[in-house]
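A short worksheet on the structure shown next.
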Amino acid sequence: MKRHLISAADLTRDDAVLILDTAEEMARVADRPIKKLPTLRGRTICNLFFEDSTRTRISFEAAEKRLSADVINFAAKGSSVSKGESLKDTAQTLEAMGVDAVVIRHSASGAPYRLATSGWIDAPVINAGDGTHQHPTQALLDAFTMRRRLIGPDAGLGQDLAGRRITLVGDVLHSRVARSNVDLLHTLGAEVTLVAPPTLVPVGVENWPCEVSYDLDAVLPKSDAVMMLRVQRERMNAAFFPTEREYSRRYGLDGERMARMPGHALVMHPGPMVRGMEITAEVADSDRCTVVEQVANGVSIRMAVLYLLLGGNEPALTHPRTEEK
Amino acid sequence: MSKILIRGARVLGGEPQDVLIDGEFIEAVGTGLSAEGAEVVEADGKILLPGLVDLHTHLREPGREDSETVLTGTRAAASGGYTSVFAMANTFPVADTAGVVEQVYRLGKEHGYCDVQPIGAVTVGLEGKKLAELGAMHESAAGVTVFSDDGKCVDDAVIMRRALEYVKAFGGVVAQHAQEPRLTEGAQMNEGVVSAELGLSGWPAVAEESIIARDVLLAEHVGSRVHICHLSTAGSVEIVRWAKSRGIDVTAEVTPHHLLLTDEMVRSYNPVYKVNPPLRTERDVLALREALADGTIDIVATDHAPHPHEDKDCEWAAAAMGMVGLETALSVVQRTMVDTGLLTWADVADRMSFAPARIGSAAGHGRPVSAGEPANLTLVDSAYRGEVDPAGFASRSRNTPYEGRELPGRVTHTFLRGRATLVDGKLA
Ligand SMILES: [Zn+2]
């Protein structure tokens with residue numbers, strides 16, 4: 001694996017499968033009475049959040065603590081883009097403090113890449129979401145959730161998602177989740193289809209390894225998983241679509257549409273869900289919907305990523321049976 | 001000593017000749033000229049061009065002297081072979097009154113490295129609402145003939161129409177920064193394959209092309225002359241080509257960086273590549289080169305845009321737009337246009353001196369290299385090859401995209417009215 005995790009596109013198939021397999025092992029820790037491993041004892045990890053995201057921060061923090069790392073949370077809300085130098089300044093402060101890894105969330109696309117490549121800091125950098133660019137651990141946890149549901153936790157080990165048909169629906173244009181998922185799912189052998197109104201599909205999408213459709217109903221029957229992306233209500237004012245009602249009529253997922261999906265197919269959502277417009281309560285609360293599992297899986301995935309980037313040379317992962325000796 | 005003999009220079013790329021300068025003027029051009037009483041510059045096959053003229057420079061003074069001043073900017077200009085630069089109006093305060101343009105003009109004269117011809121703002125404060133006192137700026141000591149809100153587009157069609165009409169009274173020209181503001185809100189880079197992947201907001205080609213299309217039609221309707229700044233797309237080229245074929249009085253410029261660099265560079269997220277208009281695709285670059293070669297694009301202008309280190313040493317979205325260009329322009333033009341066979345050196349003289357001087361009405365500049373003409377000259381060692389080292393720049397800022405890149409050619413001497421401003425690559 002590379003030294004940093006900036007983009008899902010940086011991962012090879014084997015890297016990605018290794019992370020998913022490692023996450024399976026990490027998931028078992030969650031079932032133990034003491035949910036903690038000594039793996040990163042004495043290592044300091046900084047969660048550097050320039051943009052609010054309680055969910056993602058807590059998920060990383062839980063993962064770090066379960067691996068016994070020391071955690072520094074640094075929130076620099078919204079200040080960076082208006083005052084250019086703060087990212088560099090902050091990075092150099094962290095470098096001086098000797099942090100062992102930086103988890104960064106930033107509203108500017110490319111900020112984690114700059115952090116990792118500008119020589120401001122030496123530690124591994126993990127992208128926890130940058131602008132409308134990438135959110136690789138989200139893509140990994142989504143893939144993990146799909147593999148568990150579509151193949152199974154144990155049967156899935158060593159497996160990718162070859163031949164699975166995954167549909168992403170909604171605001172692709174502004175979605176780092178969509179970009180990361182298209183990259184990772186393609187690497188894992190899945191066939192990805194994006195469904196959105198044309199206004200919410202980026203110019204240049206033709207180079208992405210996926211199909212694009214404007215017709216949700218045509219795609220649903222051929223989908224093994226349907227991932228709903230968040231649509232911000234502000235998009236309506238910017239004329240990306242005429243009304244919320246029209247959006248949900250054409251691109252929302254309700255019970256009737258869900259019934260057109262194959263019996264085994266999942267409904268996914270990166271959360272938080274806007275119930276009503278993009279997904280109805282009926283669908284959100286159905287047992288096909290994996291939103292809650294995705295949250296739990298997020299911790300396992302982040303443990304796996306941190307472990308692999310920082311865990312050093314030990315070949316055996318944190319195998320519970322070895323651990324318990 | 002007032003006489004200088006430049007010996008064995010290839011004037012405009014032709015056969016070697018001697019050029020004798022006496023005082024501010026060229027006294028003779030020929031072979032075997034006597035060196036008596038003259039200081040001799042052995043040119044030995046170097047290319048001799050008329051002093052370069054840049055119709056689009058940001059000198060930053062007044063207001064952003066941390067980026068550049070008239071002194072440092074004109075020193076950079078002399079290093080790059082320029083004898084005349086047109087200073088853009090987006091300073092603080094904005095150059096929208098006779099007072100500000102006269103100040104900039106006078107600083108240029110005092111420092112003596114390069115003539116500085118201020119460009120006046122089209123609208124008060126570059127706000128696009130109300131015409132600035134265009135006539136007063138023209139009548140001032142600075143004698144402004146070029147007006148531009150560069151950095152911003154004059155997007156109100158009525159204001160643009162009035163400006164085009166108004167400057168006809170004194171032979172002025174409006175230089176448009178073509179950028180439809182609504183289509184480029186929050187725009188970070190060329191909209192296309194790369195922006196889709198990088199998740200940076202797209203800057204569509206049509207935002208530039210729609211304004212150019214509108215402005216050439218306005219110029220036609222009111223019978224005025226319009227100049228289009230820094231064309232960056234293949235579509236813009238098509239529109240200008242069509243306008244010229246229709247007899248519309250339009251001229252256009254391209255920057256060196258749009259002749260060489262593409263949006264692929266943005267994959268590095270290095271803000272040194274962040275520029276307005278943005279770097280476009282390979283296809284656009286090739287169309288721009290072809291258009292400069294066939295005359296659709298009249299001139300090369302640097303859009304020299306100095307920024308201090310801290311405005312670029314940050315994340316992409318927070319970074320300032322622009323790159324310095326005066327000291328590398330000729331090398332980039334040699335690399336993209338001369339070494340590729342698209343232009344001769346005589347053509348380069350046209351695109352970088354004669355034509356910009358004509359468009360901007362720069363008296364005494366862009367003149368033939370012949371007896372009786374002002375001795376504004378540039379000597380180029382076209383055989384030179386070397387890596388660009390910004391540490392040696394005369395510009396106060398170092399935001400060049402060419403650091404460590406090998407570029408051909410080097411300006412060794414620049415003469416401003418017979419006085420050397422650059423000797424053997426060193427500022428005089
Ligand atoms: Zn401009």
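The values are calculated or read from the model by the stated rules, or taken from the named source; none is laboratory data. Keep in mind that what you see is a predicted model, and the values were worked out from it rather than measured. Methodologically, a virtual Cβ is constructed for each residue, glycine included, from the backbone with ideal geometry; neighbour enumeration extends over all protein chains shown. Note: accessible area is taken over every heavy atom of the protein model, side chains too, but ligands, DNA and RNA are not part of it. Shrake-Rupley method; radii C 1.70, N 1.55, O 1.52, S 1.80 Å.
Only one of the numbered conditions (1) within 13 Å of chain A (Cβ to nearest Cβ); (2) assigned to a helix (DSSP H, G or I); (3) of a type outside the set (Phe, Trp, Tyr); (4) within 16 Å of the ligand (Cβ to nearest atom) is not met by residue B:321, and that is (2). The single condition among (1) more than 14 Å from chain B (Cβ to nearest Cβ); (2) open to solvent by 10 Å² or more (accessible area, probe 1.4 Å); (3) in contact with a helix residue (DSSP H, G or I) (Cβ under 6 Å, 6 or more places away or on another chain); (4) among the polar types (S, T, N, Q) that residue A:44 does not meet is (3). Output the number of residues of segment A:85-112 satisfying the condition of being out of contact with any helix residue (DSSP H, G or I) (no Cβ under 8 Å at 6 or more places or on another chain) and at the interface with chain B (Cβ under 10 Å from one of its Cβ atoms). Result for segment A:85-112: 3.
Candidates B:234, B:205: the one that is within 25 Å of residue B:261 (Cα to Cα), within 16 Å of the ligand (Cβ to nearest atom) and surrounded by fewer than 24 Cβ atoms within 10 Å (Cβ to Cβ) is B:205. Exactly one residue among B:12, B:59, B:33, B:48 is farther than 26 Å from residue B:173 by Cα and open to solvent by less than 20 Å² (accessible area, probe 1.4 Å), and that residue is B:48. Evaluation of residue A:169 against the conditions (1) closer than 17 Å to residue A:20 by Cα; (2) more than 14 Å from chain B (Cβ to nearest Cβ) shows that the sole unmet condition is (1).
Is one or more of the residues making up segment B:284-293 touching a Ser or Thr at 6+ places or on another chain (Cβ under 9 Å) and in a loop (DSSP other than H, G, I, E, B)? The answer is no; no qualifying residue exists. Taken over segment B:237-262, the criterion of being open to solvent by less than 10 Å² (accessible area, probe 1.4 Å), farther than 24 Å from residue B:407 by Cα and in a helix (DSSP H, G or I) is satisfied by B:237, B:240, B:243.
Pairing each residue of segment B:398-420 that is hydrophobic (A, V, I, L, M, F, W, C) with any residue that is at pLDDT 95 or above and surrounded by fewer than 21 Cβ atoms within 10 Å (Cβ to Cβ), provided the two are 6+ apart or on different chains, yields C-beta distances under 7 Å for B:407/B:335; B:407/B:388. Going through (1) within 16 Å of the ligand (Cβ to nearest atom); (2) part of a strand (DSSP E or B) one by one, residue B:67 falls short only on (2).
Across segment B:147-160, not a single residue is classified as open to solvent by 50 Å² or more (accessible area, probe 1.4 Å), aromatic (Phe, Trp, Tyr) and away from chain A (no Cβ under 14 Å). Being in contact with a Ser or Thr (Cβ under 7 Å, 6 or more places away or on another chain) and within 14 Å of chain A (Cβ to nearest Cβ): is that true of residue B:172 here? No; evaluated as a whole, the condition is false for this residue.
Restricting segment A:187-207 to residues that are within 24 Å of residue A:252 (Cβ to Cβ) and not β-branched (Val, Ile, Thr) leaves a set whose member that is nearest to the other protein chains (Cβ to nearest Cβ) is A:202.
Summed over segment A:175-192, the residues that are of a type in the set (Ser, Thr, Tyr) and open to solvent by less than 30 Å² (accessible area, probe 1.4 Å) give a count of 2. The helices (runs of 4 or more DSSP H) found entirely in segment A:156-263 that carry 2 or more residues being of a type in the set (Asp, Glu) are A:244-251. Filtering segment B:70-111 down to residues that are closer than 16 Å to residue B:125 by Cα and away from the ligand (no atom under 16 Å from the Cβ), which residue is most open to solvent (accessible area, probe 1.4 Å)? Among those residues, the one meeting the criterion is B:92.
Please verify whether residue B:217 is part of a loop (DSSP other than H, G, I, E, B), more than 14 Å from the ligand (Cβ to nearest atom) and of a type in the set (A, V, I, L, M, F, W, C), treating the condition exactly as stated. It is false that residue B:217 is part of a loop (DSSP other than H, G, I, E, B), more than 14 Å from the ligand (Cβ to nearest atom) and of a type in the set (A, V, I, L, M, F, W, C).
Scanning segment B:176-197 for residues that are surrounded by 20 or more Cβ atoms within 10 Å (Cβ to Cβ), closer than 11 Å to residue A:204 by Cβ and either facing another protein chain (nearest Cβ under 9 Å) or of a type in the set (Phe, Trp, Tyr) (or both) turns up B:191, B:192, B:194, B:195, B:196, B:197. Applying the condition of being under 13 Å from residue B:191 (Cα atoms) and over 17 Å from the mean Cα position of the chain (by Cα) to segment B:274-293 and asking which residue is farthest from the ligand (Cβ to nearest atom) yields B:281.
Has segment B:46-59 got any residue that is touching a strand residue (DSSP E or B) at 6+ places or on another chain (Cβ under 9 Å), more than 16 Å from the ligand (Cβ to nearest atom) and among the β-branched types (Val, Ile, Thr)? Full working, then the answer.
Quick first cut of segment B:46-59, residues touching a strand residue (DSSP E or B) at 6+ places or on another chain (Cβ under 9 Å) only: B:46-59.
From the residues that got through so far, the ones that are more than 16 Å from the ligand (Cβ to nearest atom) too are B:46-53.
From what is left, the residues that are among the β-branched types (Val, Ile, Thr) are B:47, B:53.
Among the residues of segment B:46-59, at least one is touching a strand residue (DSSP E or B) at 6+ places or on another chain (Cβ under 9 Å), more than 16 Å from the ligand (Cβ to nearest atom) and among the β-branched types (Val, Ile, Thr), which makes the answer yes.
Taking the criterion of being within 14 Å of chain A (Cβ to nearest Cβ) and either within 16 Å of the ligand (Cβ to nearest atom) or assigned to a loop (DSSP other than H, G, I, E, B) (or both), the residues of segment B:294-315 that qualify are B:307, B:308, B:312, B:313, B:314, B:315. How many residues are part of a helix (DSSP H, G or I) and within 16 Å of the ligand (Cβ to nearest atom) when one looks only at segment B:188-202? Count: 0. For segment A:28-59, a tally of residues being in a helix (DSSP H, G or I) and over 21 Å from residue A:180 (Cβ atoms) returns 3.
Within segment B:167-185, take every residue that is in contact with a strand residue (DSSP E or B) (Cβ under 7 Å, 6 or more places away or on another chain) and outside any strand (DSSP E or B) and give me the one that is nearest to the ligand (Cβ to nearest atom). Even if it seems obvious, please write down each step before you answer.
Restricting attention to segment B:167-185, the residues satisfying the condition of being in contact with a strand residue (DSSP E or B) (Cβ under 7 Å, 6 or more places away or on another chain) are B:167, B:172-176, B:178, B:184.
Now restrict to residues that are outside any strand (DSSP E or B): B:167, B:172, B:178, B:184.
Details: B:167: 19, B:172: 18, B:178: 9, B:184: 12 Å.
It comes out as B:178.
Evaluate segment B:265-275: report whether one residue or more is in contact with a Ser or Thr (Cβ under 9 Å, 6 or more places away or on another chain), surrounded by fewer than 17 Cβ atoms within 10 Å (Cβ to Cβ) and assigned to a helix (DSSP H, G or I). Yes.
Let's see how each residue does on (1) away from every other protein chain (no Cβ under 14 Å); (2) of a type in the set (Lys, Arg):
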{"position": "A:212", "(1), (2)": "no, no"}
{"position": "A:233", "(1), (2)": "yes, yes"}
{"position": "A:240", "(1), (2)": "no, no"}
{"position": "A:247", "(1), (2)": "yes, no"}
{"position": "A:256", "(1), (2)": "yes, no"}
{"position": "A:271", "(1), (2)": "yes, no"}
{"position": "A:275", "(1), (2)": "yes, yes"}
{"position": "A:278", "(1), (2)": "yes, no"}
{"position": "A:290", "(1), (2)": "yes, no"}
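Please tell me if residue A:132 is among the β-branched types (Val, Ile, Thr) and either more than 13 Å from every other protein chain (Cβ to nearest Cβ) or open to solvent by 40 Å² or more (accessible area, probe 1.4 Å) (or both). For residue A:132, the condition - among the β-branched types (Val, Ile, Thr) and either more than 13 Å from every other protein chain (Cβ to nearest Cβ) or open to solvent by 40 Å² or more (accessible area, probe 1.4 Å) (or both) - is not met.
May I ask you to say which residue of A:197, A:202, A:242, A:221 is exposed (fewer than 13 other Cβ atoms within 10 Å of the Cβ) and touching a residue at least 24 places away in the same chain (Cβ under 8 Å)? Working first, answer last.
Details: A:197 fails: exposed (fewer than 13 other Cβ atoms within 10 Å of the Cβ); A:202 fails: exposed (fewer than 13 other Cβ atoms within 10 Å of the Cβ); A:242 fails: touching a residue at least 24 places away in the same chain (Cβ under 8 Å).
Selected residue: A:221, the only one of A:197, A:202, A:242, A:221 that is exposed (fewer than 13 other Cβ atoms within 10 Å of the Cβ) and touching a residue at least 24 places away in the same chain (Cβ under 8 Å).
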